[in-house]
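Just so it is clear, none of the values below were taken in a lab; they were calculated from the coordinates. For clarity, every value in this text was computed on a predicted model and none was experimentally measured. Note: ideal-geometry Cβ built from the backbone for every residue, glycine included; neighbour counts use all protein chains shown.
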Amino acid sequence: MSKKASAILLSAGIVLLGFLRGYLFDNINWVYLTLTNGRMNSARDEFMFLVEWTPAEINTLKWILTIIFTILFFLLTLWTVKVYFNKKSFNQIVIFLFVALFCIAGFLFVVGKISGYSDMLYGPIRTIMGMVQSFIPLMILFVLFKFLPQIKSD
């Protein structure tokens, strides 16, 4: 299979993974808000078993899923860049970007816990982690790698 076809399939996989992630988290959040705020539950039937869980258990599930999806998006992004460009420096940039975003979110999380401003910092942390768990890094990096002038080395 050509590198272009492989990159297209991997990119489609990342987009589909994003839809799966959204589906899971939207429904899990509905159940969570039902348990914590008494909000009417609009989660799909396949998520109703979570009504028996505690909010702490649901938060643990969300943490686990966040880690799993972060790893999957990282691996698919790295794989796509590796297949299409096959440049070690590009792979290193992908790794650096994901580590940097994850570290920034982690730093804000720790600052929030220490300072007592967790609620105030939840939005920025959620935005950063939402970006890490999406096709956005691949889209930005692909365009960057494809269209920036290439420096030729001897």
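Which ³J(HN,Hα) values, rounded to whole Hz and listed in residue order, are derived for region 136-142 from phi using the Karplus coefficients 6.51, -1.76 and 1.60 in 6.51 cos²θ - 1.76 cosθ + 1.60 with θ = phi - 60°, glycine and proline given as x? Using θ = phi - 60°, the values come out as 4, x, 5, 4, 5, 5, 4 Hz. A full extension of the chain between ILE95 and LEU61 corresponds to an added length of 9.7 nm, given 0.36 nm per residue minus the alpha carbon distance.
Given region 3-145, what count of lysine pairs have C-alpha atoms under 25 Å apart, with each pair 8 or more places apart or on different chains?
Numbers: LYS3/LYS82; LYS3/LYS87; LYS3/LYS88; LYS4/LYS82; LYS4/LYS87; LYS4/LYS88; LYS62/LYS113.
Here the count comes out as 7.
Volume per residue of the convex hull around the Cα atoms, evaluated for the chain, comes out as 136 Å³.
Between LYS146 and ARG126, take the C-beta separation as r, use R0 = 30 Å, and let me know the FRET efficiency to the nearest 0.05. It would help to have the intermediate numbers written out before the result.
Details: r = 30 Å, r/R0 = 0.99.
Here the calculated transfer efficiency is 0.50.
Between ILE64, LEU78, GLY38, the Cα set farthest toward the positive side of the dipole of region 3-145 (charges on each charged residue's Cβ, about the Cα centre) is that of LEU78.
In deg cm²/dmol, rounded to 500, what helix-only [θ] at 222 nm does the chain give when every DSSP H run of at least 4 residues adds -39500 (n - 2.57) and the total is split over its residues? Numbers along the way, then the final one.
Details: 5 runs with 121 residues, N = 154.
My calculation for the chain gives -27500 deg cm²/dmol from helical runs alone.
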